[in-house]
Amino acid sequence: MQVNTAPAPALAVSLSARRSGPLKGRVRPPGDKSISHRALILGLLSVGETRIEGLLEGDDVLRTGAACRALGASIERTGEGSWRVRGRGIGALRTPAETLDFGNAGTGSRLMMGVVGGNGILARFDGDASLRKRPMRRILDPLVLMGAEVKTQTEGGRCPILLQGTQEPAPIEYRTPVASAQIKSAILLAALNSPGQTIVIEREASRDHTEKMLAYFGAEVVSEREGDGGRRISLKGRPELAPAPIVVPADPSSSAFPLVAALIVPGSDIIIEGMMMNPLRTGLLITLQEMGARIDVLDRRSEGGEDVADLRVRASDLRGVDVPAARAPSMIDEYPILAIAASFASGETRMRGLAELRVKESDRLEAVAAGLATNGVAYTIDGDDLMVSGMGSAARGNGLVATHLDHRIAMSFLVMGLASERAVSVDDERIIETSFPTFRALMTSLGAEFA
């Protein structure tokens, strides 16, 4: 198969973070990325106008918005974080004229494969060099069982991918091979156009934003316990989705960066406003509290169908802990920043069961380990476990970290630099735009120092 050569990347832009004074102030991190993707997609699949407030305006989400436009939605930005989506409805999508280019957006591309797979349209999926390395076979396999056809793909089920959807997706019962909200969500989105009931069974529960949002838009979806910690999700096909207003809560994965920064920079005391408290997303918060973090949960409330709260975070003396593998689904994106917290803790922190980190935007396990080594932090990798030997105070720093086109690697090591003896640099800050375009401004408002 002929594969088009991706355009040459622009020149990298390095950035350094240096030891800062106490971080102070109140901030609201950007809207949750997972919910932002889904809000646009459910708007596309509804008939009528969906209003979204607090949408994350990072590159990943904007790519999903562009794909929704290509499939026939009318999308308008009405203010900062405020958007209107006028959808086409289930089964009425338009075949896109051009390739759906998702850049670095793994979530957006995989969820949209579910949308295309369950509609009778043909679409080509592609992205940047990082996305082209990420495996899509786990998404495509259940879609093929439902009747979709993979016309072309790169070796190993990677992008570029040409996917022919089916207008009559077969209802299936599917056991996910790993705990993955992306697999589950792709199946459920395809099943919206199915004439019967589709069931997804998870051995370990993954993020449940798709189920909650589908129910919010009027779909008949039931989630029940399955075994020890698993879920059984049933969806009745061909619902009449009704547009609904959405308020996107602050992203726990983005909130993690100012949160950990405040814990490790001496004298810090900050408030993080409106953070999502969905129990399937609070693994990092639980782990940090086990490490001795001084985090007060304030003003619990509901926004957009999700539980949220404000957090008061103060500098803390952290201690190493053992993080069980069962916690991974609730904090899979937060392990890089947890490794930074562990670098400043007393004793060893062992993070178990990190196999999924190897197929993220980069091999995050290796990328984190390399960054730690570059900055004088001792670590060990044992299979899929990462052990970090904490310094008990400031890490040495002075390293240049390779980001591998991974936004979370970039932000994590910039946070390290704010409390290290010497500055920490990352080779390219541009990738941060994918999920947290206001990262530098938000952190600077608290007193962080970058150069």
Exercise for review: Determine whether region 366-380 contains at least one residue that is modelled with pLDDT of 95 or more, on the phi < 0 side of the Ramachandran plot and either among the aromatic types (Phe, Trp, Tyr) or not assigned by TED's automatic domain parsing to the domain that holds Leu23 (or both).
Suggested key: yes
Exercise for review: Determine whether region 326-342 contains at least one residue that is touching a helix residue (DSSP H, G or I) at 6+ places or on another chain (Cβ under 8 Å), acidic (Asp, Glu) and under 21 Å from Phe413 (Cα atoms).
Suggested key: yes
Check your understanding: Quick one: in region 357-388, which of the residues that are under 15 Å from Ser425 (Cα atoms) and touching a residue at least 40 places away in the same chain (Cβ under 8 Å) is surrounded by the most Cβ atoms within 10 Å (Cβ to Cβ)?
Key -> Val368
Point to revise | Boolean, Arg207 is in contact with a helix residue (DSSP H, G or I) (Cβ under 7 Å, 6 or more places away or on another chain), touching a residue at least 12 places away in the same chain (Cβ under 8 Å) and within 30 Å of Asp310 (Cα to Cα) | key: yes
Review point. So, of the residues in region 288-317 that are in a loop (DSSP other than H, G, I, E, B) and not polar (S, T, N, Q), which turns out to be farthest from Leu55 (Cα to Cα)?
Key: Asp317
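Yes or no, residue by residue, for (1) more than 21 Å from Leu241 (Cβ to Cβ); (2) outside any loop (DSSP other than H, G, I, E, B); (3) touching a Phe, Trp or Tyr at 6+ places or on another chain (Cβ under 7 Å); (4) of a type in the set (Ser, Thr, Tyr):
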| position | (1), (2), (3), (4) |
| --- | --- |
| Val144 | yes, yes, no, no |
| Thr152 | yes, yes, no, yes |
| Thr166 | no, no, no, yes |
| Pro171 | no, no, no, no |
| Ile183 | yes, yes, no, no |
| Leu188 | no, yes, no, no |
| Asn193 | no, no, no, no |
| Val200 | no, yes, yes, no |
Exercise for review: Search region 262-287 for residues being in a loop (DSSP other than H, G, I, E, B) and among the polar types (S, T, N, Q), and hand back the single one that is farthest from Glu449 (Cα to Cα).
Suggested key: Asn278
Check your understanding: Cβ-Cβ below 9 Å, separation at least six or inter-chain, first residue in region 186-197 and free of Cβ contacts under 8 Å to residues at least 40 places away in the same chain, second in a helix (DSSP H, G or I): which pairs?
Key -> none
Point to revise | Filter result for Gly54 (crowded, with 24+ Cβ neighbours inside 10 Å, touching a Gly at 6+ places or on another chain (Cβ under 9 Å) and on the phi > 0 side of the Ramachandran plot) | key: yes
Check your understanding: Under the condition of being part of a strand (DSSP E or B) and of a type in the set (D, E, K, R), which residue from region 318-340 is surrounded by the most Cβ atoms within 10 Å (Cβ to Cβ)?
Key -> Arg319
Check your understanding: Do we have any residue at all in region 305-316 that's modelled with pLDDT under 95 and surrounded by fewer than 17 Cβ atoms within 10 Å (Cβ to Cβ)?
Key -> yes
Review point. Right, Ala215: outside the structural domain of Gly417 (by TED's automatic domain parsing) and in a loop (DSSP other than H, G, I, E, B) or not?
Key: no
Practice item. Could you identify the single residue in Gly156, Gly117 that is of a type outside the set (Val, Ile, Thr) and at pLDDT below 95? Key: Gly156
Exercise for review: Could you tell me whether any residue of region 13-20 is farther than 25 Å from Val116 by Cβ, at pLDDT 95 or above, among the basic types (Lys, Arg) and not in a loop (DSSP other than H, G, I, E, B)?
Suggested key: yes
Check your understanding: Within region 63-79, is even one residue within 30 Å of Arg358 (Cβ to Cβ), at pLDDT below 95 and in contact with a Leu (Cβ under 6 Å, 6 or more places away or on another chain)?
Key -> no
**Study point:** Qualifying positions in region 159-189 - aliphatic (A, V, I, L, M) and surrounded by fewer than 20 Cβ atoms within 10 Å (Cβ to Cβ)
**Key:** Leu162, Ala170, Ile172, Val178
Practice item. Give the residue that is surrounded by the fewest Cβ atoms within 10 Å (Cβ to Cβ), with candidates limited to residues of region 417-448 that are among the β-branched types (Val, Ile, Thr), farther than 19 Å from Ala373 by Cα and in contact with a helix residue (DSSP H, G or I) (Cβ under 8 Å, 6 or more places away or on another chain). Key: Ile432
**Study point:** Candidate set from region 341-353 (those that are surrounded by fewer than 22 Cβ atoms within 10 Å (Cβ to Cβ) and at negative phi); member that is farthest from the chain's Cα centre (by Cα)
**Key:** Ser346
Review point. Give me the pairs: first residue in region 393-416 and touching a residue at least 40 places away in the same chain (Cβ under 8 Å) and surrounded by 22 or more Cβ atoms within 10 Å (Cβ to Cβ), second residue of a type in the set (Lys, Arg) and in a helix (DSSP H, G or I), beta-carbon distance under 8 Å, and six or more apart or on different chains, which are they?
Key: Asp406/Arg364; Arg408/Arg364; Ile409/Arg364
Exercise for review: Report whether or not Gly292 is without any contact (Cβ under 8 Å) to a residue 60 or more places away in the chain and crowded, with 20+ Cβ neighbours inside 10 Å.
Suggested key: no
Study note, to complete from the structure: Reported set for region 220-259 where residues are at pLDDT 95 or above, outside any strand (DSSP E or B) and more than 28 Å from Gly58 (Cα to Cα) is Glu220, Gly237, Arg238, Pro239
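The values are calculated or read from the model by the stated rules, or taken from the named source; none is laboratory data. None of these values were measured; they are calculated from a predicted model. Positions of Cβ are generated from backbone atoms using ideal geometry, with glycine treated the same way; all protein chains shown enter the neighbour counts.
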